[in-house]
Amino acid sequence: MKPTTVLGVVVSWAAICSLAQAQTYTESPQDIIRKVDPGESRQPTEAPRQYESTGTNRSDNRRETWSGAGDPQSGMYLRVGGMLQRYGDVDFAIFDVTFETGTGFALAAGYDFGPVTDVTPGSDEFSLGIRAELELAYQTGDIDKIAGVSVDGEVESTSILVNGFLDFDFSGPVTLFVGLGLGSGKIRADIPGFLVDEDTVLTAQVQIGLEFEISDQVSFYTALKSQAYDDIEMTGIFVENFNNASIEAGLRFTF
């Protein structure tokens, strides 16, 4: 064989090998992997996202309440209480009148609207409730002295008041309440041989107290109360700034 022929054969073989090698590496890495293991060509699926609860569910916002005797129920109620009371001293231009400690009672019918809002001051959670009622109160007290002289006489007061209350419930069996009232009061003075008369005047009342749950329908309460009366006019006597203070305790029945 001639040298030129051998050389041509070698060159042709080299060219063929080069083309074959180039054809082999034109495949993409994905094609090569697919040929080796078709299962690896699948794209990895994204793991499901995990969401952490933020506690914004409506049920998370509901207030935990005391579970000892049950929560106070909204609705109609009746209230009955007894009291110790004392009228304030009356100062006239030439003499004064002092009173002894007396007694009294109160009857009321009202409606408890229940919690109207939840408030969270700091970390102490409580709810704010509203009540309204019509109250009949009777009080009496003996007169101690007039112008320093002991006398036998008494003063009675009968009042009809419309009261409004705010109840502060601190998620427990005890509720703090404050109340304001406005209505009419009839004052009667009975001093034998000196004065027997009465007058009906505008009456205002403020009170603050505590209420203790006994059951869902019954609670015990105690309150400090003060009543102020408009100017009183009786036979030949004009009394300004007449008032009394009392401590009351009783039961409230919710239906």
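In segment 162-178, the residues that are closer than 12 Å to Asp112 by Cα form Cβ pairs under 6 Å with partners that are surrounded by 14 or more Cβ atoms within 10 Å (Cβ to Cβ) and β-branched (Val, Ile, Thr), at six or more places apart or across chains, as follows: Leu166/Val178; Asp167/Thr175. Among strands (runs of 3 or more DSSP E) entirely within segment 92-164, having at least 2 residues that are of a type in the set (Gly, Ala, Ser) and over 23 Å from Ser184 (Cβ atoms) singles out 126-146. Just so you know, in segment 218-245 the residues that are part of a strand (DSSP E or B) and among the polar types (S, T, N, Q) include one that is surrounded by the most Cβ atoms within 10 Å (Cβ to Cβ), and it is Gln227. Of the residues making up segment 127-164, those that are within 27 Å of the chain's Cα centre (by Cα) and not aliphatic (A, V, I, L, M) are Ser127, Gly129, Arg131, Glu133, Glu135, Asn163, Gly164. Looking only at residues in segment 93-104 that are within 17 Å of Asn241 (Cβ to Cβ) and touching a residue at least 40 places away in the same chain (Cβ under 8 Å), which one is surrounded by the most Cβ atoms within 10 Å (Cβ to Cβ)? Applying the filter and picking the extreme gives Val97. Being closer than 15 Å to Leu78 by Cα and without any contact (Cβ under 8 Å) to a residue 60 or more places away in the chain is true of Phe220. Scanning segment 179-217 for residues that are free of Cβ contacts under 8 Å to residues at least 24 places away in the same chain and not aliphatic (A, V, I, L, M) turns up Gly193, Thr200.
Each value in this text was obtained by applying a stated rule to the coordinates, not by laboratory testing. This structure is a prediction, so every number in the text was calculated from the model and none was measured. Please note: Cβ atoms are built from the backbone with ideal geometry, for glycine as well, and neighbour counts cover all protein chains shown.
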